[in-house]
Amino acid sequence: MRVAIFAENEKDLAELASAASIFAGREEMIEVSIAGEEKNISCCGRKVVYKLKGKQELNPEAISNVLRHVGEKYGISVFLLSTSKLCRAVASILSILTDTECITDAFDLSIEGKDVLASRGVFAGKATARLRCSIPCILTIKQGKYNPAEKVPCEVIYEDFTPPTKLNIVEVSEPQKASVDLKSARIIVSVGRGLKRKDDISMVEELAKALGAALGCSRPISSDLGWLPEEHHIGLTGVSVKPDLYIAIGISGQLQHLAGIKDSKIIAAINTDKSAPIFQACDYGVVGDMYKVVPELVKLLKSS
Ligand SMILES: Cc1cc2nc3c(=O)[nH]c(=O)nc-3n(C[C@H](O)[C@H](O)[C@H](O)COP(=O)(O)OP(=O)(O)OC[C@H]3O[C@@H](n4cnc5c(N)ncnc54)[C@H](O)[C@@H]3O)c2cc1C
């Protein structure tokens, strides 16, 4: 059967090709290329290149229509995409355009008759669901689950096609450089809605400084209150972190927050409510008022 793969970077493409090998040999795999340099080298036997006008290479509706075109022209049975934001948007639009079943964040793929079986994390990664869908289908593949396939020379075909789209991208601007690097921080001090005022962030910052830690927060602090920039927000919809030490201050420990800190080596928590869920997830806990505990900790650290 024929498989088409689409991703925005080479690493993801190589992982997709590896996942695609359960459906097809390299000669039956097609890489769809929309932007970038077109070298005749790929993990797939063939590369089809679409040069889109303007900024349409960032337009999920245009890309979905390109993939639909590839599907019709090359008789594609399975589409594999990465799990980037753009690819997720493309997968959902393509699923509707072609009335085809779609599984997102899939891994552990297998084939059973005319069906595909795939696993995906559910409940913020606390459990894994096994799903079944019939071929033809669309799958977005969870990053890091497949070893990248090797690249070899491939055939390159240039296609002339203008995808229909109602969406026009008029301007693209680079995001501001992040001022905090939570992903590689060894210690993170993170604050939640236990904080009463924006100005009190300086108290938590002082603790972070004394520990040489990066400053993180729960979603309400950045997204709802706007007390810290979005790049500090940790959790399911924010950054996933894996520090040696994570200190959660005035954070209740909801599932969506825990999803982003579950790979921390040690979790410590300070919370006034002894029944807060964070105490089920932490290694060390202080039941107490952050406005008393944090200054005490800073004093101790400064004197030691
Ligand atoms: C689709 C979706 C995605 C989401 N994604 C995320 C995400 O990525 N990250 C995230 O964080 N949330 C996320 N949320 C929100 C999440 O459900 C919680 O609402 C949020 O994590 C709660 O933040 P919090 O713990 O700071 O606030 P609260 O739940 O209000 O907890 C505040 C805590 O502070 C304690 N406290 C109060 N005063 C003090 C004091 N003086 N000293 C010490 N402790 C004190 C309280 O006892 C309480 O436990 C998401 C929600 C949805 C629906």
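Restricting attention to the stretch 254-276 and to residues that are near the ligand (Cβ under 7 Å from one of its atoms), under 21 Å from the mean Cα position of the chain (by Cα) and free of Cβ contacts under 8 Å to residues at least 40 places away in the same chain, the residue that is surrounded by the most Cβ atoms within 10 Å (Cβ to Cβ) turns out to be GLY260.
Listed here are the residues, each with its yes/no results for (1) farther than 25 Å from LYS302 by Cβ; (2) within 14 Å of the ligand (Cβ to nearest atom); (3) in contact with a helix residue (DSSP H, G or I) (Cβ under 6 Å, 6 or more places away or on another chain); (4) touching a residue at least 60 places away in the same chain (Cβ under 8 Å).
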{"position": "ASP181", "(1), (2), (3), (4)": "no, no, no, no"}
{"position": "VAL189", "(1), (2), (3), (4)": "no, yes, yes, yes"}
{"position": "ARG193", "(1), (2), (3), (4)": "yes, yes, yes, no"}
{"position": "ASP200", "(1), (2), (3), (4)": "no, yes, no, yes"}
{"position": "GLU205", "(1), (2), (3), (4)": "no, no, no, no"}
{"position": "ALA210", "(1), (2), (3), (4)": "no, no, yes, yes"}
{"position": "PRO220", "(1), (2), (3), (4)": "yes, yes, no, no"}
{"position": "PRO229", "(1), (2), (3), (4)": "yes, no, no, no"}
{"position": "LEU236", "(1), (2), (3), (4)": "yes, yes, yes, yes"}
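TYR246 - would you say it is open to solvent by 60 Å² or more (accessible area, probe 1.4 Å) and away from the ligand (no atom under 12 Å from the Cβ)? It is false that TYR246 is open to solvent by 60 Å² or more (accessible area, probe 1.4 Å) and away from the ligand (no atom under 12 Å from the Cβ). For ALA214, indicate whether it is more than 8 Å from the ligand (Cβ to nearest atom) and under 11 Å from SER190 (Cα atoms). Criteria met by ALA214. The test for being in contact with a strand residue (DSSP E or B) (Cβ under 9 Å, 6 or more places away or on another chain), open to solvent by 10 Å² or more (accessible area, probe 1.4 Å) and assigned to a helix (DSSP H, G or I) holds for LYS73. Here VAL66 meets each of (1) free of Cβ contacts under 8 Å to residues at least 12 places away in the same chain; (2) under 14 Å from PRO163 (Cα atoms) with one exception, condition (1). Determine whether LEU182 is surrounded by 13 or more Cβ atoms within 10 Å (Cβ to Cβ), assigned to a strand (DSSP E or B) and touching a strand residue (DSSP E or B) at 6+ places or on another chain (Cβ under 6 Å). Judged against the criteria, LEU182 is not a match.
Residues in the stretch 108-120: is at least one touching a helix residue (DSSP H, G or I) at 6+ places or on another chain (Cβ under 8 Å) and not assigned by TED's automatic domain parsing to the domain that holds GLY260? Yes, the conditions are met somewhere in the stretch 108-120.
Scanning the stretch 277-292 for residues that are touching a residue at least 24 places away in the same chain (Cβ under 8 Å) and surrounded by 13 or more Cβ atoms within 10 Å (Cβ to Cβ), we see that the one that is nearest to the ligand (Cβ to nearest atom) is MET290.
The values are calculated or read from the model by the stated rules, or taken from the named source; none is laboratory data. Computed from a prediction, not measured in an experiment: that's the story for all the values here. Note that each Cβ is placed from the backbone with ideal geometry, even for glycine, and that neighbours are counted across all protein chains shown. Side chains are part of the model used for accessible areas, which takes the heavy atoms of the whole protein and leaves out ligands, DNA and RNA. Shrake-Rupley method; radii C 1.70, N 1.55, O 1.52, S 1.80 Å.
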